[in-house]
1. Of the residues in segment 211-226, how many are of a type outside the set (S, T, N, Q) and within 17 Å of PRO239 (Cβ to Cβ)?
2. Within the set of pairs 6 or more residues apart or between chains, which connect a residue that is loosely packed, with under 13 Cβ neighbours inside 10 Å inside segment 208-230 to a residue that is among the β-branched types (Val, Ile, Thr) with Cβ atoms less than 7 Å apart?
3. I'd like to check something: does segment 213-228 contain any residue that is over 30 Å from GLU139 (Cβ atoms), of a type outside the set (Val, Ile, Thr) and modelled with pLDDT under 90?
4. Restricting attention to segment 250-272, report how many residues are in a loop (DSSP other than H, G, I, E, B), free of Cβ contacts under 8 Å to residues at least 24 places away in the same chain and of a type in the set (A, V, I, L, M).
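The values are calculated or read from the model by the stated rules, or taken from the named source; none is laboratory data. If you're wondering where the values come from, they're calculated on a predicted model, not measured in any experiment. Glycine gets a Cβ as well: all are built from the backbone with ideal geometry, and neighbour counts include every protein chain shown.
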Amino acid sequence: MQLTQRKWVKEYFTFSQKERRAVIILAICATLFALLPTMFPFLVKNDLQLVNNPEVEKELAQLKTIPGNTDQNLGDESSDQLFQPKTNFSKTQEWKGSLFYFDPNTASENEWQKLGLRDKTIKTILNYRSKGGKFRRAEDLGKIYGLHEEELQRLLPYVKIAGAGPSFDNDDHAAVITYPTKNSFSKTAVVIDINSADTTELKRLNGIGSKLSQRIINFRSKLGGFVSVEQVAETYGLPDSTFQKIKEQLRVNPSTIKKIDINSASLDELKAHPYIRFAIANAIIQYRNEHGRFQTISELQKLGAIDEVVFRKISPYLTVE
């Protein structure tokens with residue numbers, strides 16, 4: 001019995017020279033196949049190139065911006081399908097429209113196109129009107145889905161709603177009374193001192209809402225007051241088109257300017273001013289430590305960090321005591 005088992009083992013586990021070579025070759029092949037996935041990046045040259053297809057990208061972008069069920073309930077003025085938060089409009093985008101006075105309740109599709117609105121935004125407005133919706137005040141235009149903040153600020157000064165009476169802001173119900181001129185254009189009858197006006201007064205200006213009025217106040221506070229009307233244009237987010245429309249209604253009283261004493265102000269107090277960078281504030285402190293108190297503001301021109309342009313800009317806000 002043992003001899004039979006030994007014979008069987010010998011027959012099945014004894015290899016000839018050719019069989020041993022075959023086993024070795026198979027083992028090598030199996031190892032190579034196992035390592036192939038990790039070796040693939042080194043064996044295959046990456047000649048793939050990404051091709052940008054403008055048409056495909058445009059279609060994808062449109063798909064991303066299509067809101068759900070935008071054609072439903074457009075007649076309901078409280079519908080969330082129509083009124084959506086406004087998205088930021090890139091300042092690098094070129095404004096392709098021309099500005100003119102218009103009534104959003106009666107403006108035709110052609111007029112909207114001349115104003116520079118996109119076709120989808122125009123369609124939303126026309127669908128809203130066809131369902132019985134109306135714009136009761138200029139600010140209502142800003143709630144239309146797809147109308148960006150920058151576009152809204154450009155259009156607001158030109159909105160003229162026929163038969164509209166005094167409109168009220170939701171925050172404090174400040175009236176904005178308009179009077180028709182001989183050309184039937186709206187004109188806000190208000191003149192404002194920008195150094196004493198509060199947000200309620202500022203919102204009486206055409207195109208200035210709660211957000212912009214608060215930004216003007218904040219900028220004025222950081223400056224210490226406005227020296228000239230043109231400084232209002234530096235307010236963050238205030239479109240130039242809006243400023244050009246309201247600047248004739250602005251007045252400035254420079255006697256209320258809050259000034260900084262450069263002989264006692266700290267580094268933090270100096271650099272907190274919008275016109276004084278850290279380099280200028282530090283140069284003032286270093287000069288004061290080395291040479292003592294400033295006798296006049298003109299001594300600042302001795303500092304290398306302050307040229308003539310900067311000096312003219314900051315000098316109204318500085319004093320020596």
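1. 5
2. SER228/VAL252
3. There is no residue in segment 213-228 that is over 30 Å from GLU139 (Cβ atoms), of a type outside the set (Val, Ile, Thr) and modelled with pLDDT under 90.
4. 1
Condition check ((1) at pLDDT below 90; (2) in a loop (DSSP other than H, G, I, E, B); (3) of a type outside the set (D, E, K, R)) across all residues:
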site	(1), (2), (3)
ASN195	no, yes, yes
ILE208	no, yes, yes
GLU230	no, no, no
ILE246	no, no, yes
